[in-house]
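What follows is a single structure, written as structure tokens, with notes after it.
The values are calculated or read from the model by the stated rules, or taken from the named source; none is laboratory data. Every value quoted in this text rests on a predicted model; they were computed, and no experiment measured them. Cβ: placed from backbone, ideal geometry, glycine included. Neighbour counts: every protein chain shown.
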Amino acid sequence: MAIAPLARDKVERSGKVLLDGSPVTLAALRKALPALKRSRARIRYYREGARSEATKQALAVWELVMDSGLPVELCDDEAQFRGDALGLPKEEKPDDDIWWA
């Protein structure tokens, strides 16, 4: 079972946007998304304070991510966002034990 590459996109309460742990501007995110699509990646998206109203910055990030056409995983909390080394929650790990190697 092949595992699709995973990009982690986080919007902090302050409005700072992180892609795979590094700060990015909206323009840089917009530029990165087509390359992710070519590599058949998926996006794991997390917004701090998701139960409160989204900022303009968070809405702009969400719009870019949704318009990218990439598969998107929404995360409810930081732990789910971080996942494991493969980028998969435990219940989604391949059952062929290759990931243990």
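Side notes on the structure shown:
- Hey, R38 touching a residue at least 12 places away in the same chain (Cβ under 8 Å) and surrounded by fewer than 20 Cβ atoms within 10 Å (Cβ to Cβ) or not: no
- Applying the criterion of being touching a strand residue (DSSP E or B) at 6+ places or on another chain (Cβ under 6 Å) and of a type in the set (A, V, I, L, M) to the residues of region 9-28, the residue that is surrounded by the fewest Cβ atoms within 10 Å (Cβ to Cβ) is L18.
- Within region 6-26, residues that are closer than 19 Å to M66 by Cβ reach partners that are polar (S, T, N, Q) and assigned to a loop (DSSP other than H, G, I, E, B) with beta carbons closer than 6 Å, at six or more positions or on different chains, in the pairs G15/T55.
- From the list A79, A50, A85, A2, the one residue that fits, being outside any loop (DSSP other than H, G, I, E, B) and either surrounded by fewer than 16 Cβ atoms within 10 Å (Cβ to Cβ) or at pLDDT below 95 (or both), is A79.
- Residue list for region 53-76, filter: part of a loop (DSSP other than H, G, I, E, B) and of a type in the set (V, I, T): T55
- Looking only at residues in region 6-47 that are part of a strand (DSSP E or B) and of a type in the set (D, E, K, R), the one that is farthest from D77 (Cα to Cα) is R42.
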